[in-house]
Amino acid sequence: MKRREAKNQPLGRECAGISLVLLLSEPRYLDATLLSKLVQRAWQANAITIDGKSSCFKIDADGRCFTIQNVDSPYFDHPQKVAAEMRELRLREVVVQHRAWLSVEFVETQHREEPTKVYQLIGRLISELCDSDCLAVLAPATGAINVYDDEIREGLCHKDPAELLNNFIHAPVVNISPADPRMRQAVAEAKKRWPEFVSAFERRSAEQHFSIRAPFGDGQHTEFMWVGVTAIENDMIYGKLGNEPLHVRGMNAGETVKVRLADMNDWMFTEGKAMRGGFTIEAIRQADDEDVKRET
């Protein structure tokens, strides 16, 4: 992923180059007074000095130095080209739609600190900078990127952002034909083993999560989405929509839905740290790996 070069290059310290980027739907105004409040809230720092203006700030907080860039143009030099190389459809749209970006980048510290610690500090500040204009969060050092939502924001406060962004919070949206042999086999396997899901659901614990996958449409578009299951009655499955539709209109994540058992084409549930099911996810992964091999 080629992106714009940073205006301020970090110094050559152990953790230098660690940063997180917010892709924004529109340019953001930022001043030193507001930024000072956000830094204090994120880090509870005792000594904070902020210099600069809306496009670029330097922060000194408790012996650590960071820069914030607030740029009113796309992060990538060629957004359309970058989007075309992405297989995840939500990320494609984000890359094409974003019009600005905001980053927090580590420069140096008076103390020796592990990269994970620095990422966590940046994650807490980035979470304070998140707003309704946020489309995605990117870790430039690894190229990891994830579509922004409230779960991502919460994770930035409490998890290692580098690890968080390397894993999709929700099942990825990709193109794969239902007629693909791997997909047909995966769906057949899910339907054949449906009694396993029902049995586990009937003896479920409060810590477990149960989901099924099914098609939803608005007359023009059809998308396969995951549903968090709350009840199973006869040949109907009830639950809450697990993700925002990409194209289907009139539906939102979290709303109550019902699915006919005949329309269910995959299922998965947690069992301790293990995940059971997810047959179509594996089929999609295999198809994606083959596409990568053909392109290299």
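The values are calculated or read from the model by the stated rules, or taken from the named source; none is laboratory data. Note that this is a predicted model, so its numbers are computed, not measured. Ideal geometry is used to build each Cβ from the backbone, glycine not excepted, and the neighbour counts take in all protein chains shown. Note: areas computed on protein heavy atoms with side chains; ligands, DNA, RNA excluded. Shrake-Rupley method; radii C 1.70, N 1.55, O 1.52, S 1.80 Å.
What the table shows:
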item: Helical contribution to [θ] at 222 nm, DSSP H n ≥ 4, -39,500 (n - 2.57), averaged over the chain, rounded to 500; result: -9500 deg cm²/dmol
item: Lys, Arg +1 and Asp, Glu -1 on Cβ, resulting dipole of the chain about Cα centre, debye, nearest 20; result: 160
item: Semi-axis lengths, Å, the chain, gyration tensor of Cα atoms, sqrt of 5 times eigenvalues; result: 40, 21, 18
item: Accessible area of the range 214-277 belonging to carbon and sulfur atoms, whole % at 1.4 Å probe; result: 47
item: Total formal charge among the other residues, if their Cβ is under 10 angstrom from that of Gly278, Lys/Arg +1 and Asp/Glu -1; result: +1
item: Over 16 Å [Cα-Cα, the range 203-252], rounded percent; result: 45
item: Of all accessible heavy-atom area on the range 29-107, the percent that carbon and sulfur account for (1.4 Å); result: 49
item: Pair-distance profile P(r), taking every C-alpha pair of the range 175-286, with 10 angstrom steps and integer %; result: 14, 47, 34, 5
item: Taking the convex hull of Cα positions in the range 107-265, its mean projected area over all directions (nm²); result: 12.7
item: Per-pair calculated FRET efficiency, R0 = 41 Å: Ser55 and Asp150 via Cβ, rounded to 0.05; result: 0.90
item: Those residues of the range 218-244 whose amide nitrogen sits under 19 Å from the label point placed on Glu202, 7 Å along Cα→Cβ; result: 229-238
item: For the range 19-140, radius of gyration divided by Kirkwood radius, i.e. Rg to Rh on alpha-carbons; result: 1.00
item: Sum of side-chain charges, Arg193 neighbourhood, beta-carbon under 11 Å (Lys, Arg +1; Asp, Glu -1); result: 0
